[in-house]
Amino acid sequence: MVLNGKAAIVTGASRGIGRAIALALAKEGAVVLVNYHGRADAANEVVEAIQGAGGRALAYQADVANPAEAQAMVKAAQTEFGKVDILVNNAGITSDNLVFRIKDEDWDAVIGTNLKGAFNCIKYAGRIMFRNHFGRIINISSVAGIAGNSGQANYCAAKAGLIGLSRAIAKEFGSRNITVNTVAPGVIYTDMIRSLPENVRENMLVQVPLKRFGRPEEVAGLVVYLASELAGYITGQTINIDGGMVCM
Ligand code: NAP
């Protein structure tokens, strides 16, 4: 187990990619705070699965876009686990529309959860990592933040912003043995994708050289690697996991 003795926070861990990341980190020995927003039932199921496999986890409700709630969540992890070694900023939402039709509140909500949420968590968890001279921060962006996507100006702006945020923090935190990296998934089969019309999903699939959608567990495997000692010399990087959709 490559994460024995490590303490992790995974935001948006009740469903989809975050759920798979929480389970994978726990399987490798980390204790995990399973953050959720509205779905307590789903978060509790993740905690029970971790505990059932002999691990340790805590479900915690917080809106990451709210600085006070993000701060309280980090404090809860510190109280429960004594430290925070790994922060995975995964919580994310979409509110798609052509730019002329994006309402101010939909712009703010998408930027708030996807980008400011990560800033809030980094600000508070980063202090603990700074004191401990160790940390792994992994921000879940999207290939949409690299290539752009029609109808997703708010989402693309937030996800591109996460890449810049990661690069800046990698430079600020590097001297304290804290790595900061971005994972940019392509199309991963979760509720976010299931909720799209079938013709939109079919159009997405056409753009994937591997001719299938990704699995949450595949993203989780990359996150485990970046969180482990094996990835200790990787920082400030963006790694695509997209079946070859966007090649750079
Ligand atoms: P999902 O299935 O829709 O799950 C979203 C998760 O985020 C849920 O656990 C949800 O909590 C949580 N959440 C939403 N708003 C929150 C808030 N304000 N505070 C805290 N938690 C919040 O999404 P997913 O597909 O797994 O996506 C996970 C991440 O990967 C997102 O950042 C997404 O943008 C990114 N991504 C996904 C894909 C894809 O194809 N699926 C591709 C590229 C990038 P509740 O369950 O409590 O509502």
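Since every read-out is calculated from the coordinates, none of them should be taken as a lab result. Since the model is a prediction, treat every value here as computed from it, not as a measurement. Don't worry about glycine lacking a Cβ; one is built from the backbone with ideal geometry, like all the others, and counts go over all protein chains shown.
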>> Restricting to region 182-200, give me the number of residues that are touching a helix residue (DSSP H, G or I) at 6+ places or on another chain (Cβ under 7 Å) and surrounded by 15 or more Cβ atoms within 10 Å (Cβ to Cβ).
In response: 9
> Taking the stated definitions as given, is Ala109 hydrophobic (A, V, I, L, M, F, W, C), within 10 Å of the ligand (Cβ to nearest atom), touching a residue at least 40 places away in the same chain (Cβ under 8 Å) and surrounded by fewer than 19 Cβ atoms within 10 Å (Cβ to Cβ)?
Replying inline: yes
> Residues of region 230-247 being part of a loop (DSSP other than H, G, I, E, B) and under 14 Å from Pro209 (Cβ atoms), which ones?
Replying inline: Asp242, Gly243, Gly244, Met245, Val246, Cys247
> Counting only residues that are β-branched (Val, Ile, Thr), surrounded by 24 or more Cβ atoms within 10 Å (Cβ to Cβ) and farther than 21 Å from Gly186 by Cα, how many does region 1-30 have?
Replying inline: 1
> Which condition number in (1) within 11 Å of the ligand (Cβ to nearest atom); (2) out of contact with any strand residue (DSSP E or B) (no Cβ under 7 Å at 6 or more places or on another chain); (3) under 17 Å from Leu226 (Cα atoms) is the one that Ile193 fails?
Replying inline: (3)
> Somewhere in region 168-189, is a residue without any contact (Cβ under 8 Å) to a residue 60 or more places away in the chain, in a helix (DSSP H, G or I), within 18 Å of Thr94 (Cβ to Cβ) and away from the ligand (no atom under 14 Å from the Cβ)?
Replying inline: no
> Restricting the search to region 134-167, which residues are more than 11 Å from the ligand (Cβ to nearest atom), touching a strand residue (DSSP E or B) at 6+ places or on another chain (Cβ under 6 Å) and not aliphatic (A, V, I, L, M)?
Replying inline: Gly135, Arg136, Ser166
